[in-house]
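The values are calculated or read from the model by the stated rules, or taken from the named source; none is laboratory data. Small disclaimer: the values here were computed from a predicted structure and weren't measured. Cβ coordinates were reconstructed from backbone atoms using ideal geometry, including for glycine residues, and neighbour counts include every protein chain displayed. Accessible surface areas use protein heavy atoms only, side chains included; no ligands, DNA or RNA. Shrake-Rupley method; radii C 1.70, N 1.55, O 1.52, S 1.80 Å.
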Amino acid sequence: MKKILLLCAMGMAFVTAPAQDATVRKLIELGKTDNQVMNHLDVLTNRFGGRPIGSDAYDHAVEWVASKFAEWGLEVELNEGGTVPVGYNRGPWFGRMLGGDRAMTLHFVTPSYSSGTKGLQRGHVLLEPKTREELNSMKNALKGAWVLVTGKNVGWAIPHGAAADSARASILARNVEIRKRNQAIAENNRLKNRNDTLLTLLDEPALFYREMCEAGILGIIQSAPVPLVALYDRSVVKDSTMTFDRLPEIPDIKLDEHQYEIIRQMVRERRVFELEFDIRNHFRMGPVKYYSVAGKIRGSDYPDEYVILSGHLDSHDAATGGVDCGAGVTSVIEAARLVAKSGARPRRSMLFIAFAGEEYGLLGAQAWAASHPEQWDKISNIFNRDGGPLPPVSISVPKAMYSDFVQICAPLSSIHPEIPFEVKETAPRPKPARLSGTDASVFAIKGIPAISLDEEDVKGYNFNYREIWHTERDLYTKSIPEYQQHAATVMAIVGLGVANLDHLLSREGLYR
C-alpha cells in the first residue's frame, strides 16, 4: 500500500510540475503579446486623473478596478478605509501677471482640499505684514490684494483654524519680547561701544492670517521650488470636526520660486501691476467614505492561505498619479488579469489589492489589516509595488526562503534577456517598530513577510523618481511602457510561484 501511495504521489508531482511550467510559459507569452498595463494606466490617469481620497476621481477608480476584477472572474471585496470630513474635486486652474514690463503666465499649484477662487479674481500684490504696526499701516490696502507670504513650499497648505491662530499669536507675543530685548541690546551697544548681536525674530508664514482674511485679501502666495510639490490641506483632511461651513475661503497658491522673486522685487519697488487667478477647487458635503479594492483568486488546496500583490490607488492631484502610484497599482491590476487569463489555479489564494489613502497615512492598508486579523499568520508574503515604473531585477531573501525563490524566479531572466533577474541571500533585518513610507510597512510591523522586488533603470532611461514624486510632473508620460509590462509579468509569475508552493514561506531569519 505504501508503495502504491508513493507512486501516486510521484505521479501527481510529475503531472503538476509540467503543468506549472506550462502556466509560466503562458504568462510570459501573454505578458509579451497581450499586455494591458499601459491601457490600465491610461484609464486611471487620463480618464479619471489625480485621485485623492474623497474625490469623484477616486470613487470612479474604485468602481472601475472592482468591475475589471469581476470581469476577469476574481472575487471582489471593497474594504472601507475610513472617511474624510468633506469631499473635494479639482478643476482647471490658471493665472497671469498684468502690467509691469511684460505680461507673464504664472506657473503654480495649490494643495488639494484647499480653496479655489470665486471665479476669475484680479488684484494688486502686497508683502505680508510681520508686526502689528505693519498690519495697521496697510489694513485698508489688504482688501482685494494677493499677499506674498514667507517660507518655502513643501506641499502642505498654510495651517488655519483655531489651533493655527493660537500658535501664531504665541509667536507674535514672543517677537514683542524679542524686540524689547533687542532695543536694550542696541542701547547697551551704543552706550558702551559694544557690538553685541541682536536676537533673531521668529518667523511663520502668514503670521496675521486671520486678520488678513478679515481684511478681505484674495489669497496668499508662497514661493515653491521647481518641480512644484502639492500635497493637501491637513487642517481640513485630518480634522474630524471639520464641516462644510468651516472650510478655508482663500486660495493657498504655491508659485514658481523664479516668478515669486520677480514679483516680490516688483512689490518692493512699488510698481503698478496686478495678478489674476482662476482656480477651480470644489468641495462636496461629507463625510465621504473611501474604499480599498481587493480581487481574490481562490486557492485550490489552501484557500485560507494568501499571497498579496498590492499598490495604492489614490494619488495627489496636481498631476495625475501616473507614477505614484499609477505605475505600481496598474502592474498589480495587470498581474491579476494575466494570472486569470492564463487559466492558472493557484494552490493558495492570491489577493490583488488596490489600497486607499496611502498618501494620507497608509489609511487603507491599516484598515484592511485591522479587519483581517485572522489572516496575518496565513500570509506568505505581500509584494507591494510603490517605487516608480522601473523593472524588477532582483529579490533579497533570508536563507530559509532562498531555495524557494531560486525555483520560482528561474524563468524571469528568459522574459527579456536584457533585463536579468537575480535571487540574493540576505541576513535577518530589524523588525520594524513603526510605520514607514509604504503600505507594506503596515504588514511588516506585524511580522508578516513584506519582501519586495528590487528595481533598476537597467536600460538607462534617466528616470528620476524624486523629480516626479508628489509633484506636477507625476503623469502618464513619465511611466516607461516596456518596464511596466515587464514588471506586471514578473509580479504575476512570482506571485503565482509563491502561491503554488506546498508550504507558506518560512519566516525563519526574516527579522531579528
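One table, with the values for the structure above:
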quantity	calculated
Normalised convex hull volume, region 131-201, alpha-carbon set, Å³ per residue	138 Å³
Charge sum, other residues only, whose C-beta stays under 14 Å from Thr131's C-beta, Lys/Arg counted +1 and Asp/Glu -1	0
The chain, relative contact order in percent, only Cα pairs under 8 angstrom and at least six apart counted	23 percent
Cα centroid of region 399-438 to Cα centroid of region 260-319, whole Å	31 Å
Proximal charge balance of Ile297 [Cβ under 9 Å; K/R count +1, D/E count -1]	+2
Under-5 Å amide H pairs with Gly81, H placed in peptide plane, nonlocal only	Tyr290, Tyr291, Ser292
Rg/Rh ratio calculated on Cα atoms of region 244-363 (Kirkwood radius)	1.23
Solvent-accessible surface (1.4 angstrom probe) belonging to Trp93, in square angstrom, nearest 10	80 Å²
Region 388-512, relative contact order [Cα under 8 Å, separation at least 6], %	42 percent
Radius 15 Å from Cβ of Ile185, net charge of other residues (Lys, Arg +1; Asp, Glu -1)	+3
Hz values of 3J(HN,Hα) by residue in region 402-414 - Karplus curve (6.51, -1.76, 1.60), Gly and Pro given as x	4, 5, 4, 6, 4, 5, 5, 8, 3, x, 5, 5, 7
For region 365-512: rounded, prolate or oblate by the Cα gyration tensor [a/c cutoff 1.5]	oblate
Principal axis dimensions, region 48-101 - Cα atoms, whole angstrom, descending	63, 27, 10
Listed residues Cys213, Cys325 arranged by accessible area, highest first, probe 1.4 Å	Cys213, Cys325
Three-way shape call for region 346-415 based on the alpha-carbon gyration tensor, with the a/c threshold at 1.5	oblate
Centre separation in Å (Cα based) which lies between region 23-100 and region 233-248	25 Å
Whole-Hz couplings from phi, Karplus 6.51/-1.76/1.60, listed for region 122-128; x for Gly and Pro	10, x, 7, 10, 10, 7, 5
Hull-based mean projected area of the chain, where the convex hull spans the alpha carbons, in square nanometres	30.2 nm²
Accessible area (Å², 1.4 Å probe, nearest 10) - Ile158	10 Å²
Which of Arg264, Arg434 is most accessible, then next, and so on - probe 1.4 Å	Arg434, Arg264
Whole-Hz couplings from phi, Karplus 6.51/-1.76/1.60, listed for region 485-497; x for Gly and Pro	4, 5, 4, 4, 5, 4, 4, 4, 5, 5, x, 5, x
Rounded Å value of the spacing that divides the Cα centres of region 479-512 and region 149-179	48 Å
Area of Arg507 that stays accessible when all protein chains are in place (1.4 Å probe, Å², to 10)	80 Å²
Mean ellipticity per residue at 222 nm, deg cm²/dmol - from DSSP H runs of n ≥ 4 across the chain, formula -39500 (n - 2.57)	-11000 deg cm²/dmol
Candidate residues Asp377, Asp252: accessible-area rank, largest first, probe 1.4 Å	Asp377, Asp252
Value of relative contact order over region 301-403, rounded to a whole percent, pairs C-alpha under 8 Å and six or more apart	43 percent
Under 5 Å, built H, 5+ apart or other chain: amide partners of Phe383	Ile308, Leu309, Ser310
Rounded if a/c under 1.5, otherwise prolate or oblate - region 230-269, Cα gyration tensor axes	prolate
Dimensionless Rg ratio for region 117-160, taking C-alpha atoms and the 2.2 N^0.38 Å reference	1.33
